[in-house]
Structures are given as C-alpha cells and as structure tokens.
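Encoded as structure tokens, the structure appears first; notes follow it.
Please treat every number below as a calculation from the coordinates, not as lab data. Computed from a predicted model, the values in this text were never measured in an experiment. So basically every Cβ, Gly included, is an ideal-geometry build from the backbone, and we count neighbours across all protein chains shown.
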Amino acid sequence: MSSVAVLTQESFAEHRSGLVPQQIKVATLNSEEESDPPTYKDAFPPLPEKAACLESAQEPAGAWGNKIRPIKASVITQVFHVPLEERKYKDMNQFGEGEQAKICLEIMQRTGAHLELSLAKDQGLSIMVSGKLDAVMKARKDIVARLQTQASATVAIPKEHHRFVIGKNGEKLQDLELKTATKIQIPRPDDPSNQIKITGTKEGIEKARHEVLLISAEQDKRAVERLEVEKAFHPFIAGPYNRLVGEIMQETGTRINIPPPSVNRTEIVFTGEKEQLAQAVARIKKIYEEKKKKTTTIAVEVKKSQHKYVIGPKGNSLQEILERTGVSVEIPPSDSISETVILRGEPEKLGQALTEVYAKANSFTVSSVAAPSWLHRFIIGKKGQNLAKITQQMPKVHIEFTEGEDKITLEGPTEDVNVAQEQIEGMVKDLINRMDYVEINIDHKFHRHLIGKSGANINRIKDQYKVSVRIPPDSEKSNLIRIEGDPQGVQQAKRELLELASRMENERTKDLIIEQRFHRTIIGQKGERIREIRDKFPEVIINFPDPAQKSDIVQLRGPKNEVEKCTKYMQKMVADLVENSYSISVPIFKQFHKNIIGKGGANIKKIREESNTKIDLPAENSNSETIIITGKRANCEAARSRILSIQKDLVMGDVF
C-alpha cells in the first residue's frame with residue numbers, strides 16, 4: 001500500500017511542471033528503473049531493401065530513417081544515499097577507516113565495482129558506485145545489506161504463485177533482489193505458509209512488495225484491471241495511514257496495489273472477482289475525479305534542513321496533516337537541492353495545512369556548541385557512553401559531530417536542545433581544563449613498528465599513560481601522530497614515542513652469511529646458546545631462516561652499534577666452529593675397534609681428552625670400518641696417529 005511520503009525526484013519535477021508521465025518520459029542512466037540495453041539489431045538495423053523506390057531516396061526507409069538509439073556506456077555510475085538514522089557505522093572518528101572501510105574494500109573485491117564514500121551535510125552517507133551494470137547492482141545490494149540498518153516485512157500471496165516469484169532456476173528472484181537491494185525469503189514447498197519475508201531498507205521493501213504483488217496479480221485466475229492515476233493523487237486514494245484503500249479492499253474483497261512513493265509508476269492494479277473488482281475500480285475512479293475537480297496546488301519554500309521535521313518519524317507528520325486537513329504534502333527527495341514543498345487539496349483547507357507545515361518545520365531548534373574537534377571523541381565517550389546519557393534523557397535531540405569542525409550541532413525541540421546544550425558545554429569546559437593534546441612528526445615507515453604486533457606496543461602506551469593515540473593509516477602516507485588525554489600522560493607518551501622513533505632511525509638490518517650446517521649448533525640444545533647471545537645483545541633481534549628454506553642468511557636487526565658488535569661476536573663463533581669442524585676418516589680393521597675403545601671406553605676417552613677431538617666409531621653391528629675424527633686439524637692428525645699406532649701394534653703382535 002502507498003502512504004504519503006517523499007516522492008521521487010522525477011515525479012516531483014513532473015508535478016511542479018504540470019506534466020504527467022504520459023507527456024514526458026525521461027530515461028536516465030542512473031535511474032532505478034533501468035530499461036534493457038539496446039540489442040545489436042536495435043542499434044544497427046538492416047539497410048532498406050534495394051527495391052525501395054528511387055523517389056524515396058532522400059527519405060531513408062526503415063529503421064535508418066529514425067534516430068539510432070544511443071548505446072549505453074559499458075561503465076555506469078550510480079549514487080546511493082544512506083540517511084544518518086539508517087547508517088550502521090556512525091562513529092565520525094572512524095570515518096574512512098575501521099570496519100566501514102574494510103567492508104567497502106571487500107565489496108569492491110567481490111563485485112569488481114568501484115566505491116567512493118563521502119559525508120553529506122546531514123551526516124548521511126553518499127556512496128558513488130561505478131562499474132558495469134551487473135557489478136553496480138551487486139555492489140548496491142551488498143551496500144544495503146552491510147552498511148545500512150535493516151527492516152523486514154511480510155507479504156501474503158497465494159502459495160501457487162510463489163514459483164512465479166522465484167522464476168526459472170531462481171533467476172526472477174535474483175533479479176528482483178538486485179533491483180530492490182533486498183533479501184526475499186520464500187517458504188519451502190512443504191511449508192504451508194503463504195507469507196513471503198522481505199528484508200532491506202524501508203524503500204527497498206516497498207519496491208519489492210509492490211513487484212511481488214504485481215507478479216501475483218498476473219497469475220491470479222480472478223479478474224485483473226489496471227487504472228492510470230496521476231502520482232499526485234495516490235495519497236488521496238490511499239487515505240491517511242492507508243485506511244481508505246484498506247476499507248475499500250475489505251468491503252469489496254479486491255486486492256488493490258498502489259505503487260509506493262519511491263516507485264515512479266502511476267498504474268494502480270486491482271485483482272478480484274469481476275463484480276467486486278468493478279465496484280472497487282468505480283470507487284477509486286470517483287475519488288480520483290472528485291479530487292481532480294476540487295484540488296488546488298500551492299508551492300512554498302521551506303529550508304531543506306527543516307524538511308525532516310515536516311515529514312516526521314516514518315512519515316507520520318505528513319499523515320497527520322492529511323488526516324486533519326485532507327491536504328497532501330509533497331517533499332522533494334533528500335538528494336534534491338530543491339526547498340519547494342507542494343501542498344495539494346481543497347482551497348479552504350490549504351491555509352490550515354500550510355500553518356501546520358510551518359509549525360512542524362519550526363517546532364525544532366538548531367543550535368551549536370563550540371568544541372575543539374580533537375575533544376569530540378572524549379565527549380562521545382567509549383562506544384558512545386557519554387553521549388548516550390544525554391540522548392537517553394532527551395531522545396528527540398539529534399547531536400551531530402562533523403570531522404574537522406570545532407563545533408557540535410544540536411537539533412530538536414527547543415526546550416530539550418537548551419538542556420542538552422547546557423550539559424555538553426559543561427562537558428567541554430571540564431575536558432578543556434583537564435585534557436591536552438600534542439602532534440608529533442615521525443616518519444610513516446616506522447609507524448607499524450610503533451604499533452607493534454597486533455597493536456601490542458601502542459596499546460601498552462595508551463593504557464600506561466591513559467591517552468588516545470591516533471596513528472594515520474598507511475594509505476595517507478602522513479607522518480603526523482596525534483596524542484590526546486591527561487596533560488602529564490600526553491607528555492610521557494610523546495617522550496616514549498619519540499625515543500622509539502629515534503632508536504628506529506638509528507636502527508639497521510644486516511644479513512649474516514652462516515652455513516646452514518652450523519645453525520643448529522649456534523642455536524644449541526633447546527635454544528640455550530642463542531638465548532645466551534640474545535641476553536648478551538638484548539636490543540638485537542636475531543632471525544634464523546626456516547630449515548626447509550635451506551638458506552644461509554641469518555638476519556640481525558637493531559641499533560647500528562649493537563648490530564655490529566653482535567655480528568663480530570657471531571662471526572668469531574662461526575670461525576671457531578669452522579676451525580673445529582675439520583674432519584678426517586681413518587679406516588681401521590673391524591676386529592681392532594674394541595681394542596681402540598678399550599675396557600669401559602678407557603682408551604677412546606683418553607685419546608679424545610688429550611687430543612681435544614670428537615671421535616665417532618661405527619655401530620657394532622655395522623659393516624663399516626671407518627672411524628671419523630672431528631676437531632682442529634692438528635688435533636685430528638694427532639688423534640689419527642695414535643689410533644693408527646694402536647692398530648699397527650695389534651697387527652705386529654698377531655704376526656709375531
């Protein structure tokens with residue numbers, strides 16, 4: 001059903017110019033009701049037959065005689081407006097960053113469309129979407145679902161009509177969801193319910209409901225009739241709060257579908273038994289004809305900022321005026337710059353309606369409080385707690401914070417605004433007395449190091465000094481860091497951040513080449529040796545490559561002087577390892593290995609200790625005869641000589 005609300009820009013323009021839709025049809029690239037793009041045949045019709053008369057040569061025959069329809073651009077642009085009250089993310093300090101920016105990035109990646117966000121003066125969100133039509137429609141649906149608060153409604157149509165809403169392979173339903181940016185849930189075939197649930201914005205729900213009812217009307221076995229009624233007269237037919245059209249439907253048993261204000265259509269569709277349908281049509285025609293004869297139109301200028309007060313919550317103020325005076329009030333759409341409000345009704349009632357329009361427009365006051373922009377987040381409080389205390393007491397007061405502006409704007413009933421203003425002024429005075437801020441310049445390439453892993457470093461500073469620190473996102477390439485909070489905490493946080501930055505400026509990274517075979521030795525059993533090195537050089541970060549990478553590069557990072565000291569220390573360690581890693585193989589007859597080992601390992605232990613080498617013998621059940629000696633070269637040679645000497649003595653003993 002229709003209700004008196006904001007008309008679309010196109011219909012508003014038609015009313016103002018006195019034209020009806022049949023007289024002028026304007027097709028815009030960005031309109032909600034996109035016509036299908038021309039086919040190849042439409043754009044490039046065949047040439048006239050050669051048999052065409054020569055006399056008509058000056059007048060090209062066939063489709064070529066008409067102006068060729070322009071082909072739509074492959075890339076289109078649409079602008080969507082999300083009112084402040086319907087925005088999911090309203091924290092002004094997070095605009096352009098945080099969850100909202102993350103969602104927009106995800107939508108762009110998923111759909112291939114390009115999104116640009118900006119804030120309107122009323123703090124509503126304007127989103128410009130560019131791309132191919134299919135991508136734009138998908139992005140629009142995602143925007144509504146993820147950036148706009150959602151409502152839901154149900155529409156009942158005969159169960160047997162549900163399959164026509166779904167369409168072949170679900171294509172009709174998908175197209176309908178894209179066009180209206182809604183989610184439409186249809187009961188399963190085994191569910192006896194005939195209720196279809198629609199979720200989305202108020203405007204989207206109205207459009208989807210209208211389309212579903214039209215599809216159902218086409219499939220209804222009962223009579224269907226369509227009546228053209230100028231858009232301006234729809235409010236009179238619907239009546240205040242849709243009561244009039246509701247009464248006609250109840251009395252005649254006829255379903256009457258009036259396009260909602262957001263849909264730029266003039267056709268009212270009736271579905272019912274033939275006789276009752278005729279009665280309903282006749283009654284609507286009568287209302288229409290009477291209103292056309294008696295109705296006069298006047299246009300008045302009302303400030304754009306006051307339009308929402310004339311409309312009222314959910315259009316209730318417009319319905320009240322219609323109920324009390326019988327006058328319909330049309331407000332230009334929110335994305336129009338027009339301030340002209342049109343009143344339509346019987347001449348003797350227009351004066352009373354105009355008085356009510358002005359009374360509602362002036363019933364609210366707009367005021368402002370001077371407050372430095374850096375204080376705004378403290379006035380709002382964590383998760384809006386401070387502001388909630390005021391808005392809970394005075395729910396009709398709307399408080400706006402504009403990023404970069406040193407003021408807070410209040411709108412609402414005069415008495416409530418005055419109370420809220422007094423409270424906010426008190427908060428501002430208190431905060432100015434006990435809060436301070438400072439801005440410091442630190443090269444943005446160091447910002448991620450200041451933040452630390454998962455924000456650990458910056459969160460510690462915030463908690464320790466009770467301050468708020470704003471580090472600009474990487475995309476801004478800005479060096480400016482802002483610290484706000486308790487004056488003493490601000491200075492302490494500033495000092496620590498600058499010290500960290502100074503250290504980073506003096507920081508260097510060095511790649512040390514160490515053969516991978518030494519890595520495990522340097523790290524030591526359970527990391528004992530590398531822990532000793534790190535304790536010796538606590539400001540140096542030492543990173544070993546993953547063993548699977550088979551890399552020889554060990555990375556050192558820290559203050560320049562400390563990195564150099566650590567490098568020399570580790571290089572000496574590696575040199576010692578290289579020196580002590582000389583290895584020689586000594587073939588010894590297997591039967592003599594037990595003699596070299598000696599009773600209880602006495603011989604081999606003595607050789608190891610006296611030569612300071614590592615001596616490895618093959619396992620007893622191994623066929624190998626080779627003994628491996630590792631250590632400094634001279635020591636290895638001495639150990640080999642002693643082992644060979646033992647073997648020689650044993651061989652000579654066997655001979656004699």
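Below are the figures for this structure:
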quantity	calculated
Point-charge dipole on Cβ atoms (K/R +1, D/E -1) for region 364-434, about Cα centre, debye to 20	380 debye
Cα centroid separation - region 242-273 against region 504-535, whole Å	80 Å
Total charge dipole magnitude, the chain, about the Cα centre, Cβ charges on Lys, Arg, Asp, Glu only, Debye to nearest 20	2300 debye
13 Å Cα-Cα reach of LYS462 towards aspartates and glutamates, excluding residues that sit fewer than 8 places from it in its own chain	GLU484, ASP486, GLU496
Non-local Lys pairs in region 267-322, i.e. 8 or more apart or on different chains, that have alpha carbons under 30 Å apart	24
Those aspartates and glutamates that a straight Cα-Cα span of less than 16 Å connects to LYS477, excepting residues fewer than 8 apart in one chain	GLU97, GLU439, ASP443
Computed lengthening from SER152 to MET652, 0.36 nm per intervening residue step minus Cα-Cα distance	169.6 nm
Least to most buried among VAL540, VAL129, VAL586, VAL419 (fewest other Cβ within 10 Å first)	VAL419, VAL586, VAL540, VAL129
Cα lying deepest toward the dipole's positive end in the chain, options PHE592, GLY527, TYR582, charges on Cβ	PHE592
Above-threshold pairs, the threshold being 27 Å between Cα atoms, out of LYS138/LYS168; LYS102/LYS141; LYS202/LYS382	LYS202/LYS382
For region 364-434: rounded, prolate or oblate by the Cα gyration tensor [a/c cutoff 1.5]	prolate
Dipole magnitude of region 247-385, debye to nearest 20 (Cβ charges: Lys/Arg +1, Asp/Glu -1, about Cα centre)	480 debye
Three-way shape call for region 174-278 based on the alpha-carbon gyration tensor, with the a/c threshold at 1.5	oblate
Label zone at ILE337 (point 7 Å along Cα-to-Cβ), backbone N below 20 Å, region 291-312	300-308
Gyration tensor verdict on region 220-279 (Cα atoms; rounded if a/c is under 1.5, prolate if a/b is larger than b/c, oblate otherwise)	oblate
The chain: calculated mean residue ellipticity at 222 nm from DSSP helix runs of at least 4, using -39500 (n - 2.57)	-13000 deg cm²/dmol
Two-site label geometry, PHE518 and SER622: point separation in nm, points 7 Å out along Cα→Cβ	2.6 nm
17 Å Cα-Cα reach of LYS349 towards aspartates and glutamates, excluding residues that sit fewer than 8 places from it in its own chain	GLU290, GLU320, GLU323, GLU330
